[in-house]
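K.L.:
Pasting a structure below so you can have a look.
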Amino acid sequence: MDSALIPEGVKRCSLWKFLLALALVSAVLMWGVYAMLLCWVKGLNQTNMNDYYGFALWIWADLAVIALGGGAFFTGLLKYVFGKDELKYIINYAVLIGFICYSSAQLILGIDVGQPLRGWFIFWHANVHSMLTEVAFCLTCYFIVLTIEYIPLSLENRQIKKVPFFANLTHNMHSAMAVFAATGAFLSFFHQGSLGGVSGVLFGRPFSFREHILIWPYTFFLFTWSAAAFGPSFTLFVTWLTEKITRKKLVKDEVIHMVAKISGWMIITYIIAKSADTLYWMFNTAPSQGLQWSFFYQNNPFYGKWILFTEIFICGFLPGLLLIFKATRENPTFRVTALVLGIIGVCLNRWVLVLQTLAAPVLPFDSWVLYIPSWQEVATTILPIAYGVILIMISHRYLPIFPQERELNPIDAPPASVVSRQPAPTAVVEGQSA
Amino acid sequence: MKQTQSQQRPKRYGMAIDLDKCTGCGSCMVACFAENNVSFREDETNKLLSITWLRVYKMTNDKPFPDTDVCYIPRPCQHCAGQHEGHSPCVSVCPATATDYSLYTGIVSQIYTRCFGCRYCMAACPYHARYFNWWDPVWPTGMERTLSPNVSPRMRGVVEKCSFCFHRYQLARDKAYTEGKRPIREAEYQTACTHACPSGAIVFGDLNDSTHQVNRIVRPDPDNHYKARNPRAFRLLERLGTDTKVYYLSDREWVRQAGDNYLADEQPGTIGPPRGGSH
Amino acid sequence: MLPFLFEWVWDMGHYVFHGAVWAVLSIIGMGMTFCIIKSVVDTMQGKTGHDPHH
């Protein structure tokens, strides 16, 4: 029924199957929307946040999705600025994932603030010395850049590109993309870093406070670095997941291996820097404020030393090593394991810097306070995931996201109306992962 | 009015609370509630959701009977100056300039109509002196008439905190201005908690003015981030570099030690300058 | 954000921060304007928009 909209030369499931899947995900989305409306109408008393936890699940989710969306800026930087042309086969998906992550972050922030209608104050009455101001400006500007990067992709739809103006616009935007990508990389450097700075500048919170280079704490640089390291991992993981769901090979293995290798080296260098930072904090920063580092990992039922070990070794060094060695990188099981561990690691890092920072007591006569999110917080955090799945479903069905899909999944070129009714291919293509 | 302020040397309003006099009666908290139109709910059992501009903590020395000792420590906003005047933990992070540091008074203000409720300031404050309005303020029927007309009630979704009863400063300033632009006298600007304390544990005034009692008690050292020269006095979390304006006094060493974090081999008074907030 | 707002201060922080913001917005704005205008001209010249990238 919708075959005229589907890219030429590729197979898609039937419209009914597609709509059924869309309805299922939309049900989850509506659950999130209901929770979101509750928060907006009744206020943030719908959450389990309190005066000790001004930041909680949502801010963690924000930091996490922005780190995971870092694949967009880093892939764009490598392709358009450093000329890694092979990345053109995955850049569309990286941009789409980035677009989803950043729009999700904006949505979550819109729910998180107590007075959403005053959200524009952060721009209008900006305090230029606040890391959050830097985040807001760079994040919004970069979201504009991502939208600009997504527009030509959406204009590639079979019917839309028949309109000459849109076809010309697509062409011209592609020509100018290096400028946008470079601007996006500049913005990303700052907002990823500023997100790290958000906790790093808190000199009243010895757990997250770090020394500075100029005005930026070490966490500024570590956040940018980790986003560039784990963002591509997330792009690869979502690509793998998409391949599993569509039962198709969508990107050639050499491209996957190249991105995995880059991600692996970024992870290993990042985790060395992170380890150095942690050691300096353990033996210098924290003691200078009268606290042993072990203080932050005891006398509470959750935040133990395991969390530090997991973040640095299991979800840092291990995935980094798995991705830099050719044998493990090119083994799909090891590679996907490394990607998953890496994603967990960066999410854990963001969790620790937001939640553990607030959980640990600072006043000597105060005590640890733990927090469990309310269902409204969980639902509104799942909301962007459902939204992302829907956007991916629609984009994958109607747009040529994966330039290599046709080549990797050749069909006998029947009329497009017949193609849409074919079952999804199950044959294993040469080099297919897993 | 601005001209009058700039002609006078800057004030540094601060507080000295004698913990050896404090009985933990909570009068200061009640006075603060009433004075500043602080909202409350029917069920206030969850203290993590209660708005208490001034909160009285209870400390013990963790020793068994008969050596057990108890100390109550009232905690208003500490009105931090930071390592350079105005670099308070909260003011430096507020993205919308909704909280500000007055160089004329040293008071950290909160602009409720400017705050959009991001709560970054709450995350930044190590004293938990900032509170979020999780609910709309609702007073029992008839109680609205008891609200102070000098303090604006806060709406849902914004952060609030102790202002050192800034409206009292404004009234005193206006009075002094109309009476020949004279300086504000010590007794003309006192906070509600100071007035309410039955044991006289709270003393309030200008730390820069040697005629004020608070200055004579604390004897702050302007060349050393206003560290108290009085050996009985200490500030909370001094080594973080927050440079607060609320001083506590006690003869008991364990109480003075409870004001900050120390490593096992450290003692109060032996540590170096703070490293935090120096950027 | 704008110099006429009361919290604006003519200091280095504002120069650097807002300088970068307005530079970025200008680049994005001019880039998009260029693309749109060129596309209109191309369309009027009868070009079909063949894209060598894809």
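K.L.:
A:THR278 is checked against (1) closer than 25 Å to A:THR242 by Cα; (2) among the β-branched types (Val, Ile, Thr); (3) more than 20 Å from the chain's Cα centre (by Cα) and fails just one. What number does that condition carry?
P.N.:
Evaluating A:THR278 over (1) closer than 25 Å to A:THR242 by Cα; (2) among the β-branched types (Val, Ile, Thr); (3) more than 20 Å from the chain's Cα centre (by Cα) leaves (1) as the failure.
K.L.:
Are any of the residues in region A:286-308 under 23 Å from A:ILE59 (Cβ atoms), within 14 Å of another protein chain (Cβ to nearest Cβ) and assigned to a loop (DSSP other than H, G, I, E, B)?
P.N.:
no
K.L.:
Another question about this same structure. Mind checking which residues of region B:84-94 are more than 16 Å from the chain's Cα centre (by Cα), of a type outside the set (S, T, N, Q) and facing chain A (nearest Cβ under 7 Å)?
P.N.:
B:VAL93, B:CYS94
K.L.:
Which of the residues spanning region B:179-212 are out of contact with any Lys or Arg (no Cβ under 9 Å at 6 or more places or on another chain), surrounded by 14 or more Cβ atoms within 10 Å (Cβ to Cβ) and of a type in the set (S, T, N, Q)?
P.N.:
B:THR194, the sole residue that qualifies.
K.L.:
Can you tell me which residue among A:VAL113, A:VAL128 is within 14 Å of chain B (Cβ to nearest Cβ), touching a Cys at 6+ places or on another chain (Cβ under 6 Å) and open to solvent by less than 20 Å² (accessible area, probe 1.4 Å)?
P.N.:
Result: A:VAL113 is the single residue among A:VAL113, A:VAL128 that is within 14 Å of chain B (Cβ to nearest Cβ), touching a Cys at 6+ places or on another chain (Cβ under 6 Å) and open to solvent by less than 20 Å² (accessible area, probe 1.4 Å).
One line per residue, one yes/no per condition, for (1) more than 7 Å from chain A (Cβ to nearest Cβ); (2) open to solvent by less than 10 Å² (accessible area, probe 1.4 Å); (3) over 18 Å from A:LEU132 (Cα atoms):
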residue	(1), (2), (3)
B:PHE65	yes, no, yes
B:VAL70	yes, no, yes
B:ARG75	yes, yes, yes
B:ALA96	no, yes, no
B:THR99	yes, yes, no
B:VAL108	yes, yes, yes
B:ARG114	no, no, no
B:ALA129	yes, yes, yes
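K.L.:
Do we find that A:LEU353 is in contact with a helix residue (DSSP H, G or I) (Cβ under 6 Å, 6 or more places away or on another chain) and hydrophobic (A, V, I, L, M, F, W, C) in this structure?
P.N.:
Answer is yes for this residue.
K.L.:
Given the condition farther than 27 Å from B:ARG119 by Cβ, touching a residue at least 40 places away in the same chain (Cβ under 8 Å) and open to solvent by 10 Å² or more (accessible area, probe 1.4 Å), answer yes or no: does some residue in region A:97-107 qualify?
P.N.:
The answer is yes; a qualifying residue exists.
K.L.:
May I pose another question? Determine which single condition A:VAL251 fails, assuming it passes every other condition in (1) open to solvent by less than 30 Å² (accessible area, probe 1.4 Å); (2) over 20 Å from the mean Cα position of the chain (by Cα); (3) not basic (Lys, Arg).
P.N.:
(2)
K.L.:
Can you tell me which residue among A:TYR102, A:TYR142 is touching a Gly at 6+ places or on another chain (Cβ under 8 Å), modelled with pLDDT of 90 or more, under 21 Å from C:VAL16 (Cα atoms) and not aliphatic (A, V, I, L, M)?
P.N.:
Answer to the selection: A:TYR142.
K.L.:
Can you confirm whether region A:119-128 contains a residue that is free of Cβ contacts under 8 Å to residues at least 12 places away in the same chain and in a helix (DSSP H, G or I)?
P.N.:
yes
K.L.:
From the list A:PHE190, A:PHE186, which residue is within 22 Å of the chain's Cα centre (by Cα), in a helix (DSSP H, G or I), modelled with pLDDT under 95 and farther than 30 Å from A:ASN284 by Cα?
P.N.:
Result: A:PHE186 is the single residue among A:PHE190, A:PHE186 that is within 22 Å of the chain's Cα centre (by Cα), in a helix (DSSP H, G or I), modelled with pLDDT under 95 and farther than 30 Å from A:ASN284 by Cα.
K.L.:
Specify the residue that is farthest from B:HIS79 (Cα to Cα); the eligible residues are those in region B:216-237 that are open to solvent by less than 30 Å² (accessible area, probe 1.4 Å) and more than 16 Å from the chain's Cα centre (by Cα).
P.N.:
B:ASN230
K.L.:
Also: From the list A:GLU134, A:GLU86, which one is within 14 Å of chain B (Cβ to nearest Cβ) and among the charged types (D, E, K, R)?
P.N.:
A:GLU134
K.L.:
Also, quick follow-up: Have a look at A:PHE190, A:PHE221 and point out the one that is within 12 Å of chain C (Cβ to nearest Cβ) and hydrophobic (A, V, I, L, M, F, W, C).
P.N.:
A:PHE190
The values are calculated or read from the model by the stated rules, or taken from the named source; none is laboratory data. Keep in mind it's a predicted model, so treat the numbers as computed, not measured. A quick note on method: Cβ atoms are made from the backbone with ideal geometry, for glycine too, and the neighbour counts reach across all protein chains shown. For the accessible areas, the whole protein counts, side chains as well, though only heavy atoms, and no ligand, DNA or RNA atoms are used. Shrake-Rupley method; radii C 1.70, N 1.55, O 1.52, S 1.80 Å.
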